[in-house]
Amino acid sequence: MKILITGAGGMLGRALGDTLSAEHDVTAVTRGDLDVTDLGRTLAALGRAKPQVVIHAGGWADVDGCERDPDRAWRVNALGSRNVAVACQEAGAACCYISTDYVFDGEKRDPYTEFDAPNPISCYGASKLAGERYVQTLTPRHWIVRSSWLFGPGGKNFVKTLLTKARAGQELRVVDDQVGSPTYTSDLARAISRLIGGPHYGIWHLTNNGACSWHRFAAAILDAAGPKGTRLEPIGSKDLQRPAPRPRNSVLRNYCWTLEGWPPLRPWGDALREYLAHPELSA
Ligand SMILES: NC(=O)c1ccc[n+]([C@@H]2O[C@H](COP(=O)([O-])OP(=O)(O)OC[C@H]3O[C@@H](n4cnc5c(N)ncnc54)[C@H](OP(=O)(O)O)[C@@H]3O)[C@@H](O)[C@H]2O)c1
């Protein structure tokens, strides 16, 4: 199958390129190759490549950055996704759009299913949801994949940042009142590979199995790979004063995946152990 990946220089984009190129004819385009905010170039790029499937992994994933610069957030995450959706439709390609747990407000007690109503509380979440809506209305053949708390090689992520700080001897304060599902980019890429193999279109929640707070995630990272004796203090979200609010609960139940009878992704702790052995994290 001919697959084009946007944002291929990003953390998830790289994992998608590595995973999918084993079985498919993959065109991996970075922002330098294709800035999706340019409709003309996006139409031309997809017209040239003639993919059967486009995985739109390009986006502005800086949650606080989006809050500070909403124009850029709407331009990239909303209008950029519209451009990709229009170009998919013109090129006859199905569209797989990568979205986020932050489309939810976090007030639900239980994990969110694909059938729960989104209600974003940040500009990032709202702009990603607008991207979902463009994809839904402009391309009938689409998969919207919501994932959360990504970690993996080749990008900025919580695991890497935490270990860098711990190894520099910094004292660590991490929030314990936000709960989610850490997800390994290569596990997500494999799940997406399965998903796009058939016409199971619609919204999908795809995360590693299990949930934890950021504080518990940090404790697991330090237990396995941190310097002995690193101090880790639990704090509340209100102590951090970040520009963008985060949902308290952003656990995504992989409900449609389960309803299809497909085996769950492995527990996040197992995936974390694999990532911790990656050379980019060696001390
Ligand atoms: N990180 C998470 O925890 C998380 C959770 C749920 C969903 N997601 C979603 O997953 C996707 C990938 O995220 P990631 O964590 O891999 O982030 P990332 O490493 O920042 O990758 C995003 C990529 O998109 C590119 N990009 C930015 N603006 C673009 C534009 N106008 N046109 C084309 N490409 C553009 C970036 O290029 P530059 O680096 O050159 O700007 C970057 O390579 C995003 O859509 C994000 O919203 C992420």
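Numbers for the structure displayed
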read-out: Point-to-point label distance, Arg48-Asp239, nm (Cα→Cβ direction, 7 Å offset); value: 5.2 nm
read-out: Distance from the stretch 123-201 to the stretch 72-118 (C-alpha centre basis), Å; value: 12 Å
read-out: For the chain, calculated [θ]222 nm from helices alone, where every DSSP H run of n ≥ 4 adds -39500 (n - 2.57); value: -11000 deg cm²/dmol
read-out: Listed residue pairs exceeding 27 Å between alpha carbons, taken from Lys50/Lys156; Lys128/Lys156; Lys156/Lys238; Lys165/Lys238; Lys50/Lys128; Lys156/Lys228; value: Lys50/Lys156
read-out: Test item: Cα-centred dipole of the chain, Lys/Arg +1 and Asp/Glu -1 on Cβ, debye; value: 220 debye
read-out: Under 16 Å from Lys108, Cα to Cα: aspartates and glutamates that are on another chain or at least 8 residues apart; value: Asp116, Asp177
read-out: Local electrostatic count, Ile196, Cβ distance below 13 Å [Lys/Arg +1, Asp/Glu -1]; value: +3
read-out: Pairwise FRET efficiency - Asp62 versus Ala224, Cβ, R0 = 25 Å, nearest 0.05; value: 0.40
read-out: In the stretch 72-142, trypsin sites (Lys or Arg not before Pro) in a DSSP loop with at most 11 other beta-carbon atoms within 10 Å; value: Arg109
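Any read-out appearing in this document is the output of simple, stated calculations on the displayed coordinates, not a laboratory observation. This is a predicted model, so every value here is computed, not measured. Positions of Cβ are generated from backbone atoms using ideal geometry, with glycine treated the same way; all protein chains shown enter the neighbour counts.
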